[in-house]
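These notes concern the structure reproduced below.
The values are calculated or read from the model by the stated rules, or taken from the named source; none is laboratory data. None of these values were measured; they are calculated from a predicted model. Here Cβ is always computed from backbone atoms with ideal geometry, including for glycine, and neighbour counts include all displayed protein chains.
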């Protein structure tokens, strides 16, 4: 029987973490969840530890010292998931900007339609964004166009962080060669999958900005992505 792992990085997500965990565990697919917490001072990890008593076999927690960045959290989670034998590994945010109801749709593209990586896409046909200011929507949309032009890839939502991988994809990518932490990390993972010849499918989703907690976005994340795409063309990943 195949095993599916949902990796959720956290930093100060006490308002969302329990609601998200209970939601994912309510589905018939019986996902396992790995929380990678970067030393949240608000007690996020303690909430997870308390819930581990209830979800003993399916809720896992890896705690790291200090805020080390989204990309390194996912790489940590990928290695953990492969070590523990998971066949399908998801990336998902904790703040409900990614609707966990869509997990099954992402998984189905791999289990039923022979794709290797599925991407929850805001910009393919049927995808959309709610409650973002128009300026941010336009910046995100044109950023994806910029990336597609530089890297010559056909993925419309290049910065999406809602994805499902077959383990073979993660085994093939040289994770330790990826230095990026934010949007550039998400771009690089898709680019690397395509370079290795894997089949990628965009699945339309509705992206909703967080309702609770604080955004982790910064100008440095945008700069990393803007300049990072040029570095990716020469990287061995």
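Name every residue in the range 110-139 that is surrounded by fewer than 20 Cβ atoms within 10 Å (Cβ to Cβ) and either part of a helix (DSSP H, G or I) or without any contact (Cβ under 8 Å) to a residue 40 or more places away in the chain (or both), in order of residue number.
Matches in the range 110-139: 111, 112, 133, 134, 135, 136, 137, 138, 139.
Hey, could you check the range 145-182 for residues that are out of contact with any strand residue (DSSP E or B) (no Cβ under 7 Å at 6 or more places or on another chain) and under 17 Å from residue 118 (Cα atoms) and say which is surrounded by the most Cβ atoms within 10 Å (Cβ to Cβ)?
Among those that are out of contact with any strand residue (DSSP E or B) (no Cβ under 7 Å at 6 or more places or on another chain) and under 17 Å from residue 118 (Cα atoms), it is 158.
List pairs: first in the range 97-108 and at negative phi and in contact (Cβ under 8 Å) with a residue 40 or more places away in the chain, second surrounded by fewer than 19 Cβ atoms within 10 Å (Cβ to Cβ) and assigned to a helix (DSSP H, G or I), Cβ under 6 Å, 6+ apart or cross-chain?
100/23
Residues 85, 39: which one is within 28 Å of residue 168 (Cβ to Cβ), at pLDDT 95 or above and either touching a strand residue (DSSP E or B) at 6+ places or on another chain (Cβ under 8 Å) or not in a strand (DSSP E or B) (or both)?
Just a single option satisfies the conditions, and that option is 85.
Would you pick out the residues in the range 35-60 that are buried (at least 17 other Cβ atoms within 10 Å of the Cβ) and within 16 Å of residue 16 (Cβ to Cβ)?
Answer for the range 35-60, where residues must be buried (at least 17 other Cβ atoms within 10 Å of the Cβ) and within 16 Å of residue 16 (Cβ to Cβ): 35, 36, 37, 38, 40, 44, 45, 47, 48, 51, 59.
Test residue 156 against the criterion of being touching a helix residue (DSSP H, G or I) at 6+ places or on another chain (Cβ under 8 Å), part of a loop (DSSP other than H, G, I, E, B) and modelled with pLDDT of 95 or more, and give yes or no.
Spelling it out, residue 156 is indeed touching a helix residue (DSSP H, G or I) at 6+ places or on another chain (Cβ under 8 Å), part of a loop (DSSP other than H, G, I, E, B) and modelled with pLDDT of 95 or more.
Restricting to the range 168-205, give me the number of residues that are farther than 18 Å from residue 223 by Cβ and out of contact with any helix residue (DSSP H, G or I) (no Cβ under 7 Å at 6 or more places or on another chain).
So the answer is 14.
I'd like the residue in the range 212-237 that is modelled with pLDDT of 70 or more and part of a loop (DSSP other than H, G, I, E, B) and, out of all such residues, is nearest to residue 148 (Cα to Cα).
Among them, the one singled out is 233.
Among the residues of the range 81-91, are any crowded, with 22+ Cβ neighbours inside 10 Å and over 27 Å from residue 225 (Cβ atoms)?
Within the range 81-91 (the criterion being crowded, with 22+ Cβ neighbours inside 10 Å and over 27 Å from residue 225 (Cβ atoms)), the answer is yes, since at least one residue qualifies.
Here is a yes/no grid of residues against (1) surrounded by fewer than 18 Cβ atoms within 10 Å (Cβ to Cβ); (2) assigned to a helix (DSSP H, G or I):
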position: 74; (1), (2): no, yes
position: 93; (1), (2): no, no
position: 103; (1), (2): no, yes
position: 108; (1), (2): yes, yes
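Of the residues in the range 96-112, how many are more than 29 Å from residue 232 (Cα to Cα) and in contact with a strand residue (DSSP E or B) (Cβ under 9 Å, 6 or more places away or on another chain)?
Summing the residues that are more than 29 Å from residue 232 (Cα to Cα) and in contact with a strand residue (DSSP E or B) (Cβ under 9 Å, 6 or more places away or on another chain) in the range 96-112 gives 7.
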